[in-house]
Amino acid sequence: MLARLVFAITDATLRTRLAELAEGPDTVVSELASEAWLQQIGRIDCDLVVVDTTALLIPAEDVIEALRQTASSPELLVVSSSVDAIGRAELLAAGCLAVISDELLDEPFREVLETLIQRRREAVQLQREADEATDTFGGFLSKSASMGKFLQIARKVSRSSSTALILGETGVGKEQLARAIHSQSPRASAPFIVLNCGAVPEALLETELFGHERGAFTGAVRSHRGHFELAHRGTIFLDEIGEMPVHLQVKLLRVIQERAIQRIGGEDTLLIDVRILAATNRDLAEEIREKRFRSDLYYRLSVVTLEIPPLRERKDDIKMLVDTYFQQFKTQMPTSAESISDAAMKTLCAYDWPGNIRELINVVERAVLLCDGEEIVPEDLPAVVSEATVPEAPAAVTRQFDDALQGLDDSWLQRPLAESRLAWNTAHERAYLQGLLQETQGRISETAKRSGIDPRSLYAKMKLHGLRKEEFR
Ligand SMILES: Nc1ncnc2c1ncn2[C@@H]1O[C@H](COP(=O)(O)OP(=O)(O)OP(=O)(O)O)[C@@H](O)[C@H]1O
Ligand SMILES: [Mg+2]
């Protein structure tokens with residue numbers, strides 16, 4: 001388990017001593033200028049910020065509050081030469097992880113590091129257990145019974161360093177799954193680096209992948225680290241891999257085989273320890289047939305293939321996702337919406353979601369924004385969703401009902417309700433049995449089972465309605 005440290009230390013001697021103490025296989029250290037570290041810290045994933053008192057530019061409570069607002073929410077360690085007992089107590093009360101003196105540095109600093117690594121291990125383990133209990137997987141939510149097996153495989157994949165290929169329609173959660181796999185893997189504390197092969201101009205893609213040395217080509221005024229280097233010890237996510245030009249596919253294949261890269265224009269071979277995840281919504285088999293994708297690369301990438309089913313094939317996830325994102329948007333924007341009406345939820349659950357979860361999130365956000373009352377109602381949903389509700393009954397069934405209802409004479413409105421209802425019910429019963437017998441091809445035991453009527457009563461009813469099983473064979 002890696003501990004990621006950031007130093008913001010004004011005193012150069014102290015900085016060197018701390019760097020020596022922190023060195024080890026379990027730590028990575030970055031440094032920030034002590035006058036500007038607070039502005040930059042939000043962009044760095046880290047677990048511990050180590051500052052000296054000069055770098056504490058604002059009161060410790062405010063520094064800690066600012067750190068809590070960042071994505072990785074790191075702890076704060078203050079190293080000081082001048083803090084007295086009261087000052088130390090104040091810093092600890094403000095929420096610092098520890099305050100240590102620069103004169104007695106070694107042992108306390110190592111202890112802090114050990115505590116930190118231990119805490120990170122426990123947090124990852126707790127998160128894993130919570131995930132397993134709730135059927136979520138590192139932020140990839142699913143409660144659908146049909147996804148149980150899928151999540152089980154994803155969990156296994158996350159524990160290894162195998163290359164995996166993630167497939168699925170647009171908006172279905174390919175990147176979400178890749179992040180989840182990384183966050184649940186032993187590499188969780190190292191970087192997760194995304195490269196969208198479809199979004200980078202072809203001419204720049206090679207540089208983005210492997211980096212370049214200064215002077216490698218016109219305009220290369222500085223050397224540049226590629227995404228593989230940035231992802232060292234972590235995971236690289238090659239999104240839209242189907243868009244990668246063939247000449248780079250050859251180079252990528254070599255990197256996968258040799259686990260080493262060379263920057264463009266560079267001589268040195270850099271060994272890299274990177275887990276590769278790739279994704280596409282293209283049909284790679286078709287791309288291979290069309291010679292746009294190399295089959296040898298495909299086999300290397302698809303050591304494990306995870307195909308995420310579209311939302312319409314796991315409709316029991318819709319309600320949970322709608323509720324989750326509704327709660328999220330409700331706290332993010334001013335709205336009168338307190339809940340979602342049953343009718344609106346029914347409409348949302350009936351829709352087919354061609355744009356999958358991304359579309360669902362947009363629809364929920366829009367509804368939260370448009371809602372005037374306390375409840376989200378079907379009118380708050382876009383027309384494509386609300387007009388595509390309850391699927392129509394198949395034509396054959398509708399016809400049967402029409403036929404059956406024609407048996408009713410027009411006087412039903414003139415009769416008392418009980419009598420009228422009886423006439424309707426009789427017509428309905430006949431149409432129901434006729435339809436079911438057609439489906440079961442006149443098999444009595446199956447018709448009885450599906451309708452919940454015992455076979456003897458079924459025969460009696462069929463006789464009453466003039467239905468004969470032979471007609472349905
Ligand atoms: N299982 C999930 N639980 C919660 N949120 C999800 C889940 N899957 C996807 N999302 C959310 O849905 C949105 C789309 O997901 P993502 O970007 O991962 O899809 P994608 O398959 O990569 O789409 P594209 O093919 O368009 O790149 C994101 O906002 C993501 O956070
Ligand atoms: Mg994506």
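The values are calculated or read from the model by the stated rules, or taken from the named source; none is laboratory data. Not measured: the values here are computed from a predicted model. Glycine gets a Cβ as well: all are built from the backbone with ideal geometry, and neighbour counts include every protein chain shown.
Taking into account only those residues within segment 194-203 that are without any contact (Cβ under 8 Å) to a residue 24 or more places away in the chain and more than 16 Å from ligand 2 (Cβ to nearest atom), which is nearest to the chain's Cα centre (by Cα)? Lay out the reasoning, then the answer.
To start, the set of residues in segment 194-203 that are without any contact (Cβ under 8 Å) to a residue 24 or more places away in the chain comprises 200-201, 203.
From what is left, the residues that are more than 16 Å from ligand 2 (Cβ to nearest atom) are 201, 203.
Details: P201: 26, A203: 30 Å.
Per the criteria, the residue is P201.
Residues that are closer than 27 Å to Q184 by Cα: which strands (runs of 3 or more DSSP E) entirely in segment 1-108 hold 1 or more of them?
On the way: elements: 3-8, 27-31, 48-52, 75-80, 98-101.
Counting at least 1 such residues, we get 3-8, 27-31, 48-52, 75-80.
Among the residues of segment 172-193, are any out of contact with any strand residue (DSSP E or B) (no Cβ under 8 Å at 6 or more places or on another chain), within 16 Å of ligand 2 (Cβ to nearest atom), touching a residue at least 60 places away in the same chain (Cβ under 8 Å) and closer than 20 Å to S302 by Cα? Don't jump to the end; show me each part of the working.
The initial filter retains those residues of segment 172-193 that are out of contact with any strand residue (DSSP E or B) (no Cβ under 8 Å at 6 or more places or on another chain), namely 172, 186, 188.
Adding the requirement that they be within 16 Å of ligand 2 (Cβ to nearest atom) leaves 172.
This time we only want the ones that are touching a residue at least 60 places away in the same chain (Cβ under 8 Å), so: 172.
Then drop every residue that is not closer than 20 Å to S302 by Cα, which leaves 172.
Yes, segment 172-193 has at least one match.
Can you tell me which residue is surrounded by the most Cβ atoms within 10 Å (Cβ to Cβ) among those in segment 253-303 that are of a type in the set (S, T, Y) and farther than 17 Å from E213 by Cβ? Break it down into steps so the answer makes sense when it comes.
Step one: of segment 253-303, the residues of a type in the set (S, T, Y) are 269, 280, 295, 298-299, 302.
Then drop every residue that is not farther than 17 Å from E213 by Cβ, which leaves 280, 295, 298-299, 302.
Working: T280: 23, S295: 13, Y298: 20, Y299: 10, S302: 15.
Result: T280.
Could you tell me which residue of segment 251-299 is nearest to ligand 2 (Cβ to nearest atom), considering only residues that are assigned to a strand (DSSP E or B) and either within 19 Å of K174 (Cα to Cα) or outside the structural domain of L195 (by TED's automatic domain parsing) (or both)?
That would be A279.
Would you say P309 is outside any helix (DSSP H, G or I), touching a residue at least 40 places away in the same chain (Cβ under 8 Å) and not basic (K, R)?
Answer is yes for this residue.
Could you tell me whether E206 is more than 14 Å from ligand 2 (Cβ to nearest atom), in contact with a Ser or Thr (Cβ under 6 Å, 6 or more places away or on another chain) and without any contact (Cβ under 8 Å) to a residue 60 or more places away in the chain?
No; evaluated as a whole, the condition is false for this residue.
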